[in-house]
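What follows is a single structure, written as structure tokens, with notes after it.
The values are calculated or read from the model by the stated rules, or taken from the named source; none is laboratory data. Only a predicted model underlies this, so the values are computations on that prediction, with no experimental measurement involved. Heads up, the Cβs are rebuilt from the backbone with ideal geometry, glycines too, and the neighbour counts pull from every protein chain shown. We work out accessible area using only protein heavy atoms, side chains counted, and drop any ligands, DNA or RNA first. Shrake-Rupley method; radii C 1.70, N 1.55, O 1.52, S 1.80 Å.
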Amino acid sequence: MSKGPGLFSDIGKKAKDLLTKDYNSDQKFTISTYSDAGVALTSTAVKKGGLSTGDVAAQYKYKNVVVDVKVDTESNIATTLTFTEIVPSTKTIASFKLPDYNSGKLEVQYFHDHATFTTVFALNQSPAVDVTATIGTPSIAFGAEAGYDTTSGSFTKYTAGISVTKPDSSASIILGDKGDSIKASYVHHLDQFKKSAAVGEITRRFSTNENTFTVGGSYAVDQLTVVKAKLNNQGRLGALLQHEVIPKSVLTISGELDTKALDKNPRFGLAIALKP
């Protein structure tokens, strides 16, 4: 693939990952195994409240093809086929979920040194179409996204964004929700080894005059342990601790507390991922 500006979904992704990735208020247990033939098996069990769910996923890689199959406790079967370089500088992704026969989607991604394009078609009688385009370089990128419903003949979404990336920082602005919201985020690494990072994100929704401001950060205590925390202007405080117990076996403990309602019970999550 090219060394271009990346996909539109990459705009603001660093800040989003710092503020949301691996935060969990449920009990989650995951075991993954890998074979020499290129097959990966992953079993996941989640307990949320008094409800327990689970799934088993398998991934097989062969040359430029990746096959993902997931079966959950509700008898849903999700399959994703990813083909790389069928046509030069492209990636094709086909996905469907059974027994929902109208869930099929086909996505084509095209990468160029100065632009990327994606098109997603819903494989049903009334297909919806999503299109994204990004132009620029790895340092600065401008992008837009639009969704069109062929049944109603109307746009379901349109979004625009810009990102600026430097070796030690990343900033982005996204105008979304059909122009009803704007989100600005900034990530800064505090040391040259990128062991610690600080992030700030502010979202403004014009229809309700609502502002949401979130700050957070992460710090790698050592090569095996990472701590993260976040706090927004609504008083919600989140914290996370990750530790690699044995190689590729990660224990994650996270929790969330409403500081404006300390009489309410805080929510804590435990996630264990074992990957030999």
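Here are the numbers for this structure:
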| read-out | value |
| --- | --- |
| Restricting the stretch 90-111 to residues that are within 20 Å of PHE8 (Cβ to Cβ) and open to solvent by 80 Å² or more (accessible area, probe 1.4 Å), the residue that is nearest to the chain's Cα centre (by Cα) | LYS105 |
| Residue check for ASP149: more than 20 Å from the chain's Cα centre (by Cα), within 30 Å of LEU98 (Cα to Cα) and acidic (Asp, Glu) | yes |
| Strands (runs of 3 or more DSSP E) within the stretch 1-89 that include 3 or more residues open to solvent by 60 Å² or more (accessible area, probe 1.4 Å) | 27-34, 39-48, 51-62 |
| Tally, over the stretch 195-228, of residues that are within 20 Å of GLY12 (Cβ to Cβ) and either in contact with a Phe, Trp or Tyr (Cβ under 9 Å, 6 or more places away or on another chain) or in contact (Cβ under 8 Å) with a residue 12 or more places away in the chain (or both) | 19 |
| Residues that are free of Cβ contacts under 8 Å to residues at least 40 places away in the same chain and of a type in the set (Gly, Ala, Ser), drawn from the stretch 99-120 | SER103, GLY104 |
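For (1) over 30 Å from LYS183 (Cβ atoms); (2) at pLDDT 90 or above, each residue gets a yes or a no:
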residue: GLY6; (1), (2): no, yes
residue: GLY38; (1), (2): yes, no
residue: VAL46; (1), (2): no, no
residue: VAL56; (1), (2): yes, yes
residue: TYR62; (1), (2): yes, no
residue: THR73; (1), (2): yes, yes
residue: ASN76; (1), (2): yes, yes
